[in-house]
């Protein structure tokens, strides 16, 4: 089943009350079109969003620290307690040290949270796969927010990422992101071997968020 | 009026459900003894805690970024939307770059959030005061979590911080922290010219959190 | 006496052998036109440059750590031992945490190295001045490498920085940077109250580096 | 041939003039006992050390940035120009982001510099191997500087690292470090499958550095 992950980032259109509204739109699209959707609001919005929808809510970032004196860190414990079911890790806008990526995955695993590690190219995808998260999401940074879909601009990065992960850690799924907006982008991503996509501005900044999501989902099935 | 700020850090005893319970204890102490208390839970706990208590809820950290593509950051917008009324900035366990401290203060100000900038000595207190937050909280790092109160171990750091802030930015309040647990520590801190204290492990890890807070508050009045 | 600080950054035209050549050009300009010039090569180039010229050589960055287990850090001790006489601190391309800026200044001072703390606006200039380095160099980041001189695009940031520093720490000198290339830019910077300028690409990427420096120096005197 | 890498860190006994002396001791040990030694001084010391000895000189850290506006960064270009032949990357005292580790390796490769990526456990060793540096050096952080050799305290971390690297990237060599001081530690490390060791305080802080190195080298051959 195709996985569609919507990263809310810190856009005005996906913060606070608008995070709730957007999450509900995602939930209704998920039900209507039988696609698996994950919403990824800011840490402070997770509690309210988790109470409002039944689809999985992931965090945008988690620190690999446990209980203790870690003021200002985002712990897997606090995410779990507030309804999150997983987290992005090492997003291009919140890169982590190698040892921190490993610690974050390990911490999530101990709290039953799913993990999506973001990477920027085939080589770092190999490294991330070796850490055995649930998913690796490869996103060439130069295409993020560009509107130019990675599946068109650089299909090789997806194809080679899929192959590399298959060799190193075959249980790890591959997602792709950067510039994905339309149904054809999603379809191309799936044909290249990925199991889903990581989206953001293409949907969130759309004039009509629901329509943008419908176009994405229905277009993919053509 | 004395300000008592309780930093929940990421202790097990102050995460999730236990963050709510501790916040309610703080609220009842605040009412019973007429002291001003601020609770500082993790970002993901802010929403639930803010709904549960009427005393101010602050964040442990805020990034100085606005709306946009800042995945994994904690924005003043999201804090405000979930009920926070302020934030710690630059805590010793979450230090920020100088330009980030300034941006965080500025971002909080534009959302009507109060700011407490943490510092490690008299010189950085001077610098922090020059940024004109609401409060500077000076905490010698070697005393944090030590049980040895700064007001006893190093009273000069408080006295000189108060004087330095008075010269550079007289509207900025001075708090002190590190090792504060008992009423006499708080009283000493006030006598040295601070307007309140920043607490954590001394209360949170106490066998009886309520009793520890009562001892603190009543001891200060003797 | 006007201070002209040339930051070599990591340009091809100012690395290795070319760092030596450029430093010698600066030295001869300094002698010929009686201006005070400081060259700022990369850490690994400091030794050879210091042996080749008599004008002061500064580092681009220094960590506020002492002797010990700090692999990969740049210590004031190692800079001093290899001939450096000072260092930039907190350049916009190498920002430091507030406590680190303070530690770097303190470490330089104990080894007799001069310090220039870079800042991005008037408020952070105030904070940096409170740390009492030898100089604060204010550089609006949006103008760095732009070719648009700060002295023309935003004269107020210089004027207000000079005033702010005068109030907080009158012994601290003010430099300005970002977009400075021509003599008139330098003259404007001095007229606004700064004691000198921090330069980089405008000189280093010039077709004829010597001529670019001569234009700068002679233009300023008109 | 066994590889012995001596990390000078920022100890007083291995900075400036003392870096030169220690490097010369290493060179003479290398010749006398026919072992391959690499010395790893601070960035500012690389030039003088490279001129003084013929054994390979590595840097302690390199940034994965190229020519351009990267003030305060350590570039492979500047290391090469000053005589370095390789670099440590991601040492536990200078951890890098995953994408930065990849960029540093890539940058070193383009300048013909060898790379040793440091890791903290078997899982991060797998990830580092996937990036295909010349060597991975596994060092459990809790043993660094402890005097307790990893080869005795935790032989499994070496054994499993060797196996993991063999599967993922068989051309990558495995070094081990943390607490290695005596010949028997080195011998144990080699018997567990590593190709050499990464040393520091055990040698540098020894009363007689030459004797400590001789003990290490001769002890390993017993």
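The values are calculated or read from the model by the stated rules, or taken from the named source; none is laboratory data. Computed from a predicted structure; not experimentally measured. Methodologically, a virtual Cβ is constructed for each residue, glycine included, from the backbone with ideal geometry; neighbour enumeration extends over all protein chains shown.
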Please count how many residues of segment A:76-108 are more than 30 Å from residue A:18 (Cβ to Cβ) and within 11 Å of chain B (Cβ to nearest Cβ). 0
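Can you find a residue in segment C:29-41 that is closer than 23 Å to residue D:49 by Cα, within 13 Å of the chain's Cα centre (by Cα) and within 13 Å of chain D (Cβ to nearest Cβ)?
Restricting attention to segment C:29-41, the residues satisfying the condition of being closer than 23 Å to residue D:49 by Cα are C:39-41.
Right, trim to within 13 Å of the chain's Cα centre (by Cα) and you get C:39-41.
Going one step further and asking which of them are within 13 Å of chain D (Cβ to nearest Cβ), we end up with C:40-41.
Within segment C:29-41, one or more residues are closer than 23 Å to residue D:49 by Cα, within 13 Å of the chain's Cα centre (by Cα) and within 13 Å of chain D (Cβ to nearest Cβ).
Quick one: how many residues across segment A:79-96 are touching a strand residue (DSSP E or B) at 6+ places or on another chain (Cβ under 7 Å) and farther than 27 Å from residue A:146 by Cβ?
Selection size over segment A:79-96: 4.
Can you report the number of residues in segment A:108-121 which are modelled with pLDDT of 95 or more and either over 13 Å from the mean Cα position of the chain (by Cα) or surrounded by fewer than 24 Cβ atoms within 10 Å (Cβ to Cβ) (or both)?
Within segment A:108-121, the subset modelled with pLDDT of 95 or more is A:108-119.
With the extra rule that they be either over 13 Å from the mean Cα position of the chain (by Cα) or surrounded by fewer than 24 Cβ atoms within 10 Å (Cβ to Cβ) (or both), the set shrinks to A:108-114.
Going through segment A:108-121 one residue at a time, the tally reaches 7.
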Out of C:87, C:104, C:30, sole residue that is closer than 28 Å to residue C:193 by Cβ and in contact (Cβ under 8 Å) with a residue 40 or more places away in the chain: C:104
Would you point out the residue of segment C:109-123, among those that are within 11 Å of chain B (Cβ to nearest Cβ) and in contact with a strand residue (DSSP E or B) (Cβ under 8 Å, 6 or more places away or on another chain), that is nearest to residue B:167 (Cα to Cα)? C:122
Which condition number does residue A:161 fail, the rest of (1) farther than 30 Å from residue D:120 by Cα; (2) part of a helix (DSSP H, G or I) being met? (1)
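Just to be sure, is residue D:97 farther than 30 Å from residue D:206 by Cβ and free of Cβ contacts under 8 Å to residues at least 60 places away in the same chain? Spell out the reasoning first.
Values: farther than 30 Å from residue D:206 by Cβ: yes; free of Cβ contacts under 8 Å to residues at least 60 places away in the same chain: yes.
When the stated conditions are applied, residue D:97 passes them.
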Residues of segment A:36-45 being in contact (Cβ under 8 Å) with a residue 24 or more places away in the chain and crowded, with 22+ Cβ neighbours inside 10 Å, in sequence order, are A:37, A:38, A:39, A:40, A:41, A:42, A:43, A:45
Considering only segment B:150-175, state which residues are away from chain C (no Cβ under 14 Å), within 17 Å of the chain's Cα centre (by Cα) and at pLDDT 90 or above. B:158, B:162, B:173, B:174, B:175
Which condition does residue B:200 not pass, out of (1) surrounded by fewer than 24 Cβ atoms within 10 Å (Cβ to Cβ); (2) touching a strand residue (DSSP E or B) at 6+ places or on another chain (Cβ under 7 Å); (3) at pLDDT below 95, if it passes all the others? (1)
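Hey, can you tell me all the residues within segment B:183-197 that are touching a residue at least 60 places away in the same chain (Cβ under 8 Å) and outside any helix (DSSP H, G or I)? Give the derivation first.
To start, the set of residues in segment B:183-197 that are touching a residue at least 60 places away in the same chain (Cβ under 8 Å) comprises B:186, B:190, B:195-197.
Result: B:195, B:196, B:197.
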Considering (1) facing another protein chain (nearest Cβ under 10 Å); (2) within 24 Å of residue A:186 (Cα to Cα); (3) over 17 Å from the mean Cα position of the chain (by Cα), say which one residue A:60 fails and leave the rest. (3)
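For the structure I just gave you, tell me whether residue D:70 is under 29 Å from residue A:103 (Cβ atoms) and out of contact with any helix residue (DSSP H, G or I) (no Cβ under 9 Å at 6 or more places or on another chain).
Details: under 29 Å from residue A:103 (Cβ atoms): yes; out of contact with any helix residue (DSSP H, G or I) (no Cβ under 9 Å at 6 or more places or on another chain): yes.
So residue D:70 fits the description; yes.
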When (1) part of a helix (DSSP H, G or I); (2) in contact with a strand residue (DSSP E or B) (Cβ under 6 Å, 6 or more places away or on another chain); (3) closer than 18 Å to residue D:201 by Cα; (4) within 12 Å of another protein chain (Cβ to nearest Cβ) are applied to residue D:49, the one that fails is (3)
Could you list, in sequence order, the residues of segment D:124-139 that are at the interface with chain A (Cβ under 8 Å from one of its Cβ atoms) and either touching a strand residue (DSSP E or B) at 6+ places or on another chain (Cβ under 6 Å) or at pLDDT below 95 (or both)? D:128, D:129
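What number of residues in segment D:1-28 are away from chain C (no Cβ under 13 Å) and under 18 Å from residue D:206 (Cα atoms)? Break it down into steps so the answer makes sense when it comes.
Taking segment D:1-28 and keeping what is away from chain C (no Cβ under 13 Å), we get D:1-4, D:22-28.
Right, trim to under 18 Å from residue D:206 (Cα atoms) and you get D:4, D:22-28.
Qualifying residue count, segment D:1-28: 8.
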Of the numbered conditions (1) more than 24 Å from residue B:120 (Cβ to Cβ); (2) buried (at least 22 other Cβ atoms within 10 Å of the Cβ); (3) under 17 Å from the mean Cα position of the chain (by Cα), residue C:87 satisfies every one except a single condition; which is it? (1)
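Taking the criterion of being over 19 Å from residue D:26 (Cα atoms) and in a loop (DSSP other than H, G, I, E, B), would at least one residue in segment D:198-217 satisfy it? Step through it out loud before you land on a result.
Let us first name the residues in segment D:198-217 that are over 19 Å from residue D:26 (Cα atoms), namely none.
There is no residue in segment D:198-217 that is over 19 Å from residue D:26 (Cα atoms) and in a loop (DSSP other than H, G, I, E, B).
Suppose the filter is away from every other protein chain (no Cβ under 11 Å), under 13 Å from the mean Cα position of the chain (by Cα) and not in a strand (DSSP E or B); does residue C:180 pass it?
Taking the combined requirement at face value, the residue satisfies it.
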Matching residues, segment C:9-25, being surrounded by fewer than 24 Cβ atoms within 10 Å (Cβ to Cβ) and either touching a residue at least 40 places away in the same chain (Cβ under 8 Å) or in a helix (DSSP H, G or I) (or both): C:11, C:12, C:13, C:17, C:18, C:20, C:21, C:24, C:25
Report yes if some residue within segment D:63-75 is more than 9 Å from chain C (Cβ to nearest Cβ), in a loop (DSSP other than H, G, I, E, B), over 25 Å from residue C:90 (Cβ atoms) and touching a residue at least 12 places away in the same chain (Cβ under 8 Å); otherwise report no. no
